[in-house]
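Accompanying notes for the structure given below.
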Amino acid sequence: MTSRYRTDDVIVVYLIVTAFLAAVYRVNLPQWEMVLLIHIVGACLLYGLRFLPERLPVGVRFLRDWYPVMIFPLLYKEVERFASVVGNWGLTDILVNIEVATFRGHPSLYLSEALPYIPLSEYLHFCYFAYLLLVPLVGGRWYFGGRKQAFDELLWLVSVTFASSYLFYILFPVDSPFYRFDPLETPLRGSFFYELVHFVSERGGARGGAFPSSHVSISTVVLLEAFRHERRLFAWLLPVYLGLVTATVYGRFHYAVDVLGGWLLAAAVVGLSVAIQPRRSGSSRACP
C-alpha cells in the first residue's frame with residue numbers, strides 16, 4: 001500500500017472515530033446530527049478516492065493529493081467542541097504540577113521575563129508563525145520538484161501525527177498557558193509578528209490542544225523528513241525549527257512538558273515509519 005492510500009486510511013479512521021464520539025455524546029454535543037453526517041459522508045468520500053483512475057485532470061489531481069493539508073485545520077477547530085463534551089480535563093493540573101516540580105516554576109512565564117528583548121521576541125514569533133507554512137512549502141517543493149514519493153511520505157506522517165494529537169486533545173484536553181496566563185507584557189507586546197501570531201491564534205486556536213504540542217511534533221516530523229530526503233533543506237529549516245520550539249514556551253503558547261510530548265510523538269511516528277517501510281532504493285536516498 002502506498003503512502004497516499006495510507007494517508008487516506010488515517011483520515012478515514014479519524015473521521016469514523018469522531019463520528020462515533022458524536023453519536024455517543026450527542027446529548028451534549030451541539031448540532032451533533034450535522035457533525036455525524038459530515039464525518040460519515042467525508043469518510044465514505046475519502047475511502048472512495050482509491051477507486052479514482054490514475055489519470056486525472058491537473059486540478060483534480062492536485063486536490064486529491066493535497067486535501068489533507070486543507071482538511072486538518074478544519075478538524076483542529078472541531079477539537080475544542082469535542083473536548084468540551086468528551087474530554088477529561090484533569091490532565092491539565094497533573095501536567096502543571098509536573099512542570100512546576102521539574103522546572104522550578106513556569107518556563108512559559110519566566111523565560112520571557114528573563115529575556116525581554118524585542119528582536120528576540122520578533123524572531124521567535126516569526127518562527128512560530130512559520131509553522132503554518134512548513135508543510136505547504138516543503139511539501140510543495142517536493143511535489144512540484146518531481147519527488148512525489150517524498151511528498152506522499154511527508155503527508156502520511158503529518159496525517160498520523162495530526163490525527164493522533166487531535167484524538168488525544170479530545171479525550172485528554174489540556175488548557176495551555178495561552179488561555180491560563182496573561183500574554184506577554186510591553187515592550188514585547190505590539191510588535192508585528194507578535195500581533196500577527198496572536199491574531200491567528202485567537203481565531204484559529206482550539207482550547208484543550210496543548211499536550212503534546214502539535215507545533216513541535218509536526219515541525220519535528222518535517223525536519224526529520226528533510227534530513228532523510230534533502231540535507232540542504234534540513235540545514236535551512238533548522239534555525240527556524242529551533243526558534244519555533246523555543247517560541248512555543250517563550251510566547252506562552254505551551255508548557256515545556258508539551259514540547260517534550262511533541263518530541264516523543266514525532267519520534268514515535270517517524271520511528272514507526274522507518275520500521276515498517278521497505279528498504280528504499282538508491283534513487284530515493286537523501287540528496288544535497
>> Rolling a 1.4 angstrom probe over the protein chains, ignoring ligands and nucleic acids, what is the accessible area of Leu167 in square angstrom, nearest 10?
In response: 50 Å²
> Roughly how many Å² is the accessible area per residue of the chain, as a whole number, for a 1.4 Å probe?
Replying inline: 49 Å²
>> At a 10 angstrom cut-off on C-beta neighbours, averaged per residue, how do the peptides 255-264, 218-227 rank from highest to lowest?
In response: 218-227, 255-264
> Calculated FRET efficiency, Ala101 and Arg189, Cβ-Cβ r, R0 35 Å, to nearest 0.05?
Replying inline: 0.75
>> Given R₀ = 45 Å, what would the calculated FRET efficiency be for Tyr117 paired with Cys44, taking r from the Cβ atoms and rounding to 0.05?
In response: 0.30
>> With equal scatterers on the alpha carbons only and no solvent term, can you work out the Debye log10 of I(q)/I(0) for region 174-288 at 0.16 1/Å?
In response: -0.82
> Between the DSSP loop rule and a limit of at most 13 other Cβ atoms within 10 Å, which trypsin sites (Lys or Arg not before Pro) in region 60-108 are left?
Replying inline: Arg104
> What is the sum of charges around Asp258, taking Lys and Arg as +1, Asp and Glu as -1, for the other residues whose C-beta is under 15 Å from the C-beta of Asp258?
Replying inline: 0
> Okay, helix-only estimate at 222 nm for the chain: each DSSP H run of n ≥ 4 adds -39500 (n - 2.57), divide by all residues, round to 500 deg cm²/dmol; what do you get?
Replying inline: -25000 deg cm²/dmol
>> From the protein chains alone at 1.4 Å, what is the descending order of accessible area for Cys44, Cys127, largest first?
In response: Cys44, Cys127
>> I need the calculated FRET efficiency for the pair Phe199 and Arg231, taking r as the beta carbon distance and R₀ as 41 Å, to the nearest 0.05.
In response: 0.70
> Mind listing which GluC sites (Glu not before Pro) in region 126-214 are in a DSSP loop and have 14 or fewer other Cβ atoms within 10 Å?
Replying inline: Glu185
> (i) 21.0; (ii) 20.0; (iii) 19.2: which one is Kirkwood radius over Cα pairs in Å as calculated from this entry?
Replying inline: (ii)
> Mean shadow of region 108-206, computed from the convex hull of its alpha carbons, in nm²?
Replying inline: 7.9 nm²
> Round to a whole number: what % of the accessible area of the chain belongs to carbon and sulfur, probe 1.4 Å?
Replying inline: 68 percent
> In a GNM of the chain with a 10 Å cut-off on Cα contacts, which of Ala210, Ala275, Ala163 has the highest mean-square fluctuation?
Replying inline: Ala275
>> Kirkwood Rh and Cα-based Rg: tell me the resulting Rg over Rh for region 16-132, rounded to two decimals.
In response: 1.13
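The values are calculated or read from the model by the stated rules, or taken from the named source; none is laboratory data. Everything numeric here is computed off the predicted structure, so don't read it as measured data. When we count neighbours, we look across all protein chains shown, and the Cβ atoms used for this are built from the backbone with ideal geometry, even at glycine. For the accessible areas, the whole protein counts, side chains as well, though only heavy atoms, and no ligand, DNA or RNA atoms are used. Shrake-Rupley method; radii C 1.70, N 1.55, O 1.52, S 1.80 Å.
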